[in-house]
Ligand SMILES: [Zn+2]
């Protein structure tokens, strides 16, 4: 992300809920707690026997498995598309961070402090976050970890990765960017691609892990656009694509409708599942 754009986004975010985040306070987003219809993905019980996925806007997701594991992925919980009036996840077993850019690390540290969750990411990035040793799981592509009824595989992404401890600090090298494959017992195998362009080794991810659902960036500019995401879906052989990393700010112009059009051109049977921020969806 360019510094100018970043400044705009950070400024917008810090103007609202991010003020607390900037001070390192794990406060809930400053939304009206009394607002009706408040999304409460952190409290809602998982649908029995189902895996539940909640998009938090941008690349942030909460995944709950039938066996009771809760994952927060790229938890920028105060992003401009975050669900209005949403509460933070209360119990989290693992936080998966694809790379060091602020729009993916988000409130990782505060969420880790609040929940005691372990943080999985590149060795370099996890070291930079200053977490208690017991919560820091620095690893790299090829790594496999088990959390309750889920198996997490770290896979490659074609992108960059650096980390700024705060918006005024210098960027630090944060290792390789990653994606995550989450194999869920009695549930789907999900692939969160992180920020990436399409790459040929997505075929290897398909061969090794056979994901059924891919969470793919479609915004363009920093990642794949809808046309490239359709190519990625074909390489991955997935039945469903959940689009992400679009619409957060104007540069991320790709849309789910454009992805649907591009997928039709490939004649693939892949479906687009466009999630509404804050609304838990059973898979
Ligand atoms: Zn990025």
For 276, 156, ascending order of other Cβ atoms within 10 Å (fewest first) is 276, 156
Percent antiparallel among DSSP beta bridges confined to the range 39-282, rounded to 5, stands at 55
Dividing the mean separation of Cα pairs under 8 Å (6+ apart) by the residue count of the range 39-282 yields a relative contact order in percent of 18
With label points set 7 Å from each Cα along the Cα-to-Cβ direction at residue 204 and residue 265, the distance between them in nm comes to 2.8
Taking max minus min of the Cα coordinates of the range 230-283 on each principal axis, largest first, gives extents in Å of 29, 29, 16
Taking the range 39-282, the equivalent ellipsoid from its C-alpha gyration tensor has semi-axes in Å, biggest first, of 24, 20, 18
Extension length gain for residue 151 and residue 173 (0.36 nm per residue less Cα distance), in nm, is 5.2 nm
Output ordering of 125-131, 139-145 (per-residue mean of other Cβ within 10 Å, highest first) is 125-131, 139-145
The computed P(r) of the range 100-195 puts the percent of Cα pairs beyond 17 Å at 52
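Throughout, read-outs are computed from the coordinates displayed, never taken from laboratory work. Here the structure is a predicted model, which is why all the values come from computation and not from measurement. Note: ideal-geometry Cβ built from the backbone for every residue, glycine included; neighbour counts use all protein chains shown.
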